[in-house]
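Report on the structure given below.
The values are calculated or read from the model by the stated rules, or taken from the named source; none is laboratory data. The structure displayed is predicted, hence computed values, not measured ones. So basically every Cβ, Gly included, is an ideal-geometry build from the backbone, and we count neighbours across all protein chains shown.
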Amino acid sequence: MRYLLSVVSLVLAVACFALAVGQRTIWAPPQTITEQLQEAVETPVLVLGGDVLATHDGRQAITIAGDGPITAVVGRTSDVLGWIGDADHSMVVDEDGELVLDATTGGEATVPAIAGSDLWVQEVTGEDEITLELAAPLDYSVAIVSDGTAAAPSDVRVDWPNERSMPLFGPLMTAGFVLAALALLLLLLAVRRHRRQRGPQRRLSPAPSRRERREIRRGAQRGLPVAPPQDAIEPAAPSEPSTDASATQQDEASTQEPTSGDRADEARRAERRATTTRHATLRRVRLVVPIAMGAALLTGCGPQYWPDLAQPSASPSGSPEPTSLEDTLPPAAVTVRQFERILDDTREVVAEADASLDATLVAERLGGPQLEARTVNYQVRGVDPSVAAATGIPDGDIQLLLPQQTEVWPRSVLAVVGWQDESQAQSALVFVQEGPREDYRLVYQYRLQSGNQLTGASADIGAPGLPANTPLLEMPPEQVALAYGDVLINGTNSSWSSRFPAENDSLQEQVGYDDKQETLAADTSQTVTVSFADQEDEQAPVVLVADADGGAYVATSFVETTTSIPNEEGVTVRPGAGAQAALSPVESSTTGLEAAYQIQALFYVPPKSDDGSEQPLVLLGYAYALVGLQEVQG
């Protein structure tokens with residue numbers, strides 16, 4: 001019977017193993033999940049949203065085919081929709097596992113080139129067919145464009161890796177190992193029983209009872225022969241008849257204590273029993289080995305090979321619910337990777353433009369005060385090559401990146417970048433993007449003063465921006481530039497002097513009140529009247545929250561003019577050497593000359609105190625450049 005049960009268990013084990021192997025081979029699910037766009041696209045832009053890309057888990061592979069050029073870009077959904085603006089576009093929607101379109105007519109039938117924008121974190125271009133691989137979060141989308149005029153490609157396929165869930169593989173393999181172990185156990189038990197029953201099947205005489213032993217003992221004492229039971233008589237070799245005395249001696253010897261031989265026999269029997277026990281233990285261990293090996297193999301099986309007994313969670317739909325304060329904040333304007341690309345491109349463009357004095361080229365990456373100052377420098381160097389070039393873009397590592405938290409435009413980024421030559425002071429760069437279809441442009445570049453260290457949140461979080469008229473700071477940012485300019489002209493006589501202490505302010509030392517008094521006291525002041533004035537710059541200040549206390553970095557600029565007018569008839573005013581001479585429209589003037597100097601200044605403005613006490617503003621960095629020289633009209 002045990003042999004039969006062992007065979008049945010072995011057959012069942014083989015069947016379980018065969019079914020498990022079939023789960024991994026014949027009946028295995030496909031390696032990928034594929035969804036194909038089912039409709040023809042009629043708009044110039046096609047958008048795959050993050051909710052569609054997150055329909056299935058895993059990294060997405062998007063294959064796009066069509067006739068002609070194809071461009072696919074990846075960016076935040078807000079950036080993609082901001083770039084599209086009022087253009088006609090189609091959103092891909094997942095309906096019951098099929099990709100369909102939701103078209104929107106915005107009024108613009110064409111779009112400009114989408115590749116190369118600073119908004120994208122990834123882009124792929126090609127002809128006729130391209131493949132884009134990514135792991136897009138829910139708040140990211142993919143925009144697909146052909147040439148901006150024709151309709152976007154309609155042959156769009158999205159592939160996801162399939163988890164290949166095979167929940168019966170683990171249980172079948174486990175059942176197979178258990179049945180195989182049971183078959184081996186039954187086989188060993190059957191063999192053991194067969195060995196015990198093996199040998200001659202002869203009848204053995206039963207042991208005499210107590211009554212029979214007493215009768216035998218009494219007969220031996222009387223000298224009477226006692227015959228053994230009939231079924232216990234066996235033929236024996238003839239021997240000498242024993243006397244009554246010898247029988248008595250034998251009977252007495254049988255009642256004596258066991259001899260040393262008997263003890264040796266007992267020891268041998270105990271040793272045999274111990275050996276038998278050890279052999280049985282080894283057989284049990286051998287039974288455990290296959291089970292342990294099977295368990296070890298099964299531990300390498302992933303969760304996809306076992307039934308999922310957990311409660312199914314609701315599939316995500318729409319935007320994820322915020323789980324922390326950071327999740328409720330607007331996203332940072334750029335990522336570290338985006339800014340590195342922006343900075344590298346700015347370095348290349350500015351270096352090429354500096355070499356060729358090309359103001360049109362440099363306008364691709366510079367704007368506002370920086371573009372004005374560099375354009376004037378190119379003009380001066382075109383007349384007098386001995387004039388020093390404007391400071392280049394730092395070529396070192398990014399020390400601090402503080403992008404604005406925003407989803408609208410304009411948006412700004414503050415970065416501190418070092419030089420490979422560590423003897424040069426770090427520079428603070430401020431980039432501004434005026435619109436979604438425009439590139440970031442460098443509008444301010446400051447040379448940081450010694451000892452000033454900028455801090456801020458991580459680049460992934462960014463910093464909130466504040467309006468120029470915010471009442472939350474010690475001074476509204478829109479007033480900072482002219483207030484500081486008044487201090488440069490009037491020194492302690494300015495009503496703002498207490499807000500801008502002269503200690504650790506190298507700009508006040510160079511072009512402040514004392515320097516201007518020396519100019520007024522020069523010999524030429526007897527025949528020439530010199531005056532100073534400030535005027536606002538067209539570039540609006542950039543305000544980014546700097547710390548948890550509510551203080552802010554204020555990047556601003558203003559123009560300071562120095563006017564020299566002759567006091568007497570016949571007296572002329574000549575421009576200074578170098579840049580002024582190259583920029584002056586005349587060699588000398590009897591009506592006077594007016595020089596304009598651009599001053600870029602970066603301040604830390606503390607938050608407004610609750611008790612109304614005044615707190616000083618700190619100058620962190622600055623830039624100073626001649627931007628104009630004209631003759632005073634008489």
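Checked against (1) free of Cβ contacts under 8 Å to residues at least 40 places away in the same chain; (2) surrounded by 15 or more Cβ atoms within 10 Å (Cβ to Cβ); (3) more than 18 Å from PRO330 (Cα to Cα), ALA389 passes all but condition (2). Please go through segment 105-133 and give me each residue that is touching a residue at least 60 places away in the same chain (Cβ under 8 Å), assigned to a strand (DSSP E or B) and in contact with a Ser or Thr (Cβ under 9 Å, 6 or more places away or on another chain), ordered by number. Result: GLU129, ILE130, THR131, LEU132. Scanning segment 202-223 for residues that are exposed (fewer than 10 other Cβ atoms within 10 Å of the Cβ) and either at pLDDT below 65 or not in a helix (DSSP H, G or I) (or both) returns ARG202, ARG203, LEU204, PRO206, ALA207, SER209.
Looking at the structure I just gave you, is TYR622 part of a strand (DSSP E or B), touching a residue at least 24 places away in the same chain (Cβ under 8 Å) and buried (at least 20 other Cβ atoms within 10 Å of the Cβ)? It is true that TYR622 is part of a strand (DSSP E or B), touching a residue at least 24 places away in the same chain (Cβ under 8 Å) and buried (at least 20 other Cβ atoms within 10 Å of the Cβ). The criterion of at least 2 residues that are at pLDDT below 90 and over 24 Å from the mean Cα position of the chain (by Cα) is met, among helices (runs of 4 or more DSSP H) falling completely within segment 1-99, by 2-24.
Being within 27 Å of the chain's Cα centre (by Cα), touching a residue at least 60 places away in the same chain (Cβ under 8 Å), crowded, with 20+ Cβ neighbours inside 10 Å and more than 16 Å from GLY621 (Cα to Cα) narrows it down to one of VAL432, VAL417, so name that one.
One residue alone meets the criteria, VAL432.
What residue, of ALA143, ALA175, ALA136, is in a helix (DSSP H, G or I) and farther than 13 Å from ALA65 by Cβ? Walk me through how you get there before you give the answer.
Details: ALA143 fails: in a helix (DSSP H, G or I); ALA136 fails: in a helix (DSSP H, G or I).
That would be ALA175, the only listed residue that is in a helix (DSSP H, G or I) and farther than 13 Å from ALA65 by Cβ.
Using the structure shown, decide if PRO575 is assigned to a loop (DSSP other than H, G, I, E, B) and crowded, with 18+ Cβ neighbours inside 10 Å. Please lay out each step first, then the result.
Values: assigned to a loop (DSSP other than H, G, I, E, B): yes; crowded, with 18+ Cβ neighbours inside 10 Å: yes.
In short, yes.
A search for C-beta distances below 7 Å between a residue of segment 24-48 that is under 17 Å from THR105 (Cα atoms) and any residue that is aromatic (Phe, Trp, Tyr) and modelled with pLDDT of 90 or more, counting only pairs 6+ apart in sequence or on different chains, returns nothing.
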